[in-house]
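Remarks on the structure that follows.
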Amino acid sequence: MLTARFHPAIAELSAATWDALGGGASPFVSHAFLHALESTGCIRPDWGWQAHHLALYEGERLVAAAPLYLKGNSHGEFVFDWSWAGAWERAGGTYYPKLLNAVPYSPVPGPRLLAGEGERAPQLRQALVRAIHAETRRLGLSSAHANFLEPQDLAAFGGEWLARSDVQFHWHNRGYRDFDDFLATLKAKKRKNIRQERAHVQASGLDILMRDGASLEPDDWRQIHALYAATFDAKGNHAALTPAFFAALGGLEGKVQVACAMEGRRIEAMALFLLDDRTLYGRYWGARIELPGLHFELCYYRGIEHAIARGLRRFEPGAQGEHKLARGFVPVRTHSRHYLAHPQFRQAVREALVHEAHAIDDYVAALAAHAPYAGACP
């Protein structure tokens, strides 16, 4: 007999068990990462986030779990449902709070239904989805959402859940020996442009270093956070991640890398990455100087070099950005699932998503005409 319980803090759940169920497969779903978000002031009800983690128990044994949040808005999700919220509220409904199965502030595909790797895993994932559905109904919420799902999780969501997809740009390692080996696969114009961008940065006199997060000093993390916050402020966005959270990243040993443009001890620009044993994830960028090509050098080219050197299969540099296509990144589908409690509202959104899906298909087809590779895309 499975029993569903909901926890207002990840600290209530065993880190070892959570990670063994699959949370340790991705740095973003790891107990340490989620706990760092909660313990350093990044997850707050007044910012629209309240932890409501789902755990399935057999007796007192944790057998499946899912990162789950009550959301008071749609900030920090990167699967945009603002138009749904507006339509529902114009009709007299209350869209928020809603349930969200996702990783806060992180548009990164990965496991969302943690059920281990045993024979029961598919059934346990289905049980997690049923529990999310039941909790949505019990609390009288408008909806529940699961964002940036891995393929193995998709089968757990039944027909009441609406399917939605979007596009990111990822780089794939085809066994390259080094960066020049990768460049050789690109069209001549793309290859020339990248070399020119890199030469411009090299001529600046800045020291460009890829530094392990565990090696950074507290002052380094303060500088890195200040650059991150300034970038968000310049774009009129809210920098939700706190200095304490950035400092906590240094404790995720072997999981964090920072590409830094240095002048002495001063970090003039940075790009922050997380990684697991297969994938490098680009997350945050910031700079106090303007230098053509510096963003591409730190955020993309140093990441590609690091992925090649470490033998990683994939590099995901973050959401959006068609400019990534010219630098060797190719379009990849991302997937989400959405349950809207009201049947008529659900049907209206389902019909709208059919048109959205056609538009996404057309967009991906148009991107193919601008493929950066001389041969077939990886």
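The values are calculated or read from the model by the stated rules, or taken from the named source; none is laboratory data. Keep in mind the model is a prediction, meaning the values are calculated, not measured. When we count neighbours, we look across all protein chains shown, and the Cβ atoms used for this are built from the backbone with ideal geometry, even at glycine. Just the protein is used for accessible areas: all its heavy atoms, side chains included, with ligands, DNA and RNA removed. Shrake-Rupley method; radii C 1.70, N 1.55, O 1.52, S 1.80 Å.
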* To do: Tell me, please, whether a residue that is β-branched (V, I, T) and either over 18 Å from G110 (Cβ atoms) or open to solvent by less than 10 Å² (accessible area, probe 1.4 Å) (or both) can be found in segment 56-73.
  => yes
* Matching entry among A121, A102 (being of a type in the set (G, A, S), open to solvent by less than 10 Å² (accessible area, probe 1.4 Å) and over 24 Å from R350 (Cβ atoms)) -> A121
* With respect to A239, is the statement that it is aliphatic (A, V, I, L, M), modelled with pLDDT under 95 and within 20 Å of the chain's Cα centre (by Cα) true? -> yes
* Would you check which residues across segment 281-312 are closer than 23 Å to A239 by Cα, more than 22 Å from the chain's Cα centre (by Cα) and of a type in the set (A, V, I, L, M) and list them? => I289, L294
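May I ask you to verify whether H145 is outside any helix (DSSP H, G or I), touching a strand residue (DSSP E or B) at 6+ places or on another chain (Cβ under 9 Å), open to solvent by less than 20 Å² (accessible area, probe 1.4 Å) and in contact (Cβ under 8 Å) with a residue 24 or more places away in the chain?
Values: outside any helix (DSSP H, G or I): yes; touching a strand residue (DSSP E or B) at 6+ places or on another chain (Cβ under 9 Å): yes; open to solvent by less than 20 Å² (accessible area, probe 1.4 Å): yes; in contact (Cβ under 8 Å) with a residue 24 or more places away in the chain: yes.
So H145 passes the test.
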* **Those residues of segment 319-364 which are under 24 Å from the mean Cα position of the chain (by Cα) and aliphatic (A, V, I, L, M), in sequence order** => A319, L325, A326, V330, V332, L340, L353, A357, A359, I360, V364
* Collect the residues in segment 172-193 that are among the hydrophobic types (A, V, I, L, M, F, W, C) and farther than 22 Å from V332 by Cβ, keeping them in residue-number order. => A184, A188
* Given the conditions (1) at pLDDT 95 or above; (2) over 25 Å from the mean Cα position of the chain (by Cα), report the number of the one that Q223 does not fulfil. => (2)
* Check segment 30-40 and report whether any residue there is crowded, with 19+ Cβ neighbours inside 10 Å, β-branched (V, I, T) and within 16 Å of F245 (Cα to Cα). => no
* Asked: Are any of the residues in segment 298-314 open to solvent by 60 Å² or more (accessible area, probe 1.4 Å), under 26 Å from Q152 (Cα atoms), of a type outside the set (A, V, I, L, M) and outside any helix (DSSP H, G or I)?
  -> yes
* Asked: When you look at P45, is it in contact with a strand residue (DSSP E or B) (Cβ under 9 Å, 6 or more places away or on another chain), closer than 24 Å to R120 by Cα and in contact (Cβ under 8 Å) with a residue 12 or more places away in the chain, yes or no?
  -> no
* Would you be able to say whether some residue in segment 272-282 is part of a loop (DSSP other than H, G, I, E, B), open to solvent by 40 Å² or more (accessible area, probe 1.4 Å) and out of contact with any helix residue (DSSP H, G or I) (no Cβ under 7 Å at 6 or more places or on another chain)? => yes
* To do: Tell me which residues, restricted to segment 296-324, are within 19 Å of E268 (Cβ to Cβ) and among the basic types (K, R).
  => R302
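Take the conditions more than 15 Å from W171 (Cα to Cα), of a type in the set (V, I, T) and either modelled with pLDDT of 95 or more or part of a helix (DSSP H, G or I) (or both) and apply them to V258. Does it pass? Full working, then the answer.
Numbers: more than 15 Å from W171 (Cα to Cα): yes; of a type in the set (V, I, T): yes; either modelled with pLDDT of 95 or more or part of a helix (DSSP H, G or I) (or both): yes.
Here the answer is yes, as V258 does meet what is asked.
Okay, residues lined up against (1) assigned to a loop (DSSP other than H, G, I, E, B); (2) under 21 Å from S74 (Cβ atoms); (3) in contact with a Phe, Trp or Tyr (Cβ under 6 Å, 6 or more places away or on another chain); (4) of a type in the set (A, V, I, L, M, F, W, C):
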| residue | (1), (2), (3), (4) |
| --- | --- |
| A4 | no, no, no, yes |
| A16 | no, no, no, yes |
| D19 | no, no, no, no |
| V29 | yes, yes, no, yes |
| F33 | no, no, no, yes |
| D46 | no, yes, no, no |
| Q50 | no, yes, no, no |
* Filter segment 48-81 down to residues that are more than 19 Å from the chain's Cα centre (by Cα) and not aliphatic (A, V, I, L, M) and give me whichever is farthest from L13 (Cα to Cα). => G72
* Among the helices (runs of 4 or more DSSP H) confined wholly to segment 152-251, which include 2 or more residues that are β-branched (V, I, T) and either in contact (Cβ under 8 Å) with a residue 24 or more places away in the chain or surrounded by 15 or more Cβ atoms within 10 Å (Cβ to Cβ) (or both)? -> 188-202, 218-234
